[in-house]
Amino acid sequence: MSTPSQVLKHSELLKRLVLDRETVEEVGRVSQLLLDSQAQRVLGLTCKSGWLGKQKTFAWKQIEAIGADSVLVKHQDDHTSEITESVNPVLGSEVWTDTGNKVGKILDLLFNVETGDVVKYMFSPNGWQGLMEGTYLLEPIMISSVGDKRVIVLEKAVKNPQKYTEGLGERISQATEFIQKDYEQTKQDFESVKPGFQKAVGQVKDGDQNVKDNISGEKTKLQSEQSELRPENGTLQDEV
């Protein structure tokens, strides 16, 4: 899948044009993302054409690309059976802590358009523990339970949450790309020096063997010289 930005907000994708990749015909506009709240991953999307148009569902495998102006899908391939009815819509759910306190409401989410993984949830507080108005970020791993209307999170995750600002999604995307590129570069650097390292190890081993051979040779030579200097038993007895 190709995309200009690796991390995208759910709300930015809504009402975006959906085109058939083969026919380039308009299929509709994005109406909802289908989310697996247990795996924290986008499974697909639904789109609708017009007010009375039929709603269509596309699995993640059918999405060819997410661009700034449209979403390209494979209309002929059907993978909708992979999307189960157990998918819960987390967006709009109330946020409660594991100590029984109501914190606020989930408004949006950031997801990775390459993998479909949810990167962050975005919630608005209700004044809990003095949190000021605004939008805050919530790590998906901090959600312990998901219901039809509410989610329970670890209290430590919402005590000092990071506030969301415009452009943060782009910075998260850039950080993700930097980590990936740094990993690839490190891997390439290691592969480039690997032959030299192996050669150096081989030279050390060869040198070590040469030292052992020299020591063994000197030892044999010394034993031979000692044998020549030692008088034979028969000669010594004759002299006595």
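At-a-glance table
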item: Mean Cβ count within 10 Å, highest first, over the residues of peptides 129-136, 62-69; result: 62-69, 129-136
item: For Gly44, residues with placed amide H under 5 Å, excluding near neighbours; result: Leu34, Trp60
item: Overall form of region 7-82 per C-alpha gyration tensor (a/c, 1.5; a/b vs b/c); result: rounded
item: Cross-link pairs beyond the 25 Å C-alpha cut-off, checked among Lys56/Lys163; Lys61/Lys156; Lys15/Lys156; Lys48/Lys74; result: Lys56/Lys163; Lys61/Lys156; Lys15/Lys156
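Every read-out reported here was derived from the displayed coordinates using simple, explicitly stated rules and does not represent laboratory data. Just so it is clear, the model here is predicted, and its values are computed rather than measured. With ideal geometry, Cβ positions are generated from the backbone for all residues, glycine too; neighbour counts draw on all protein chains shown.
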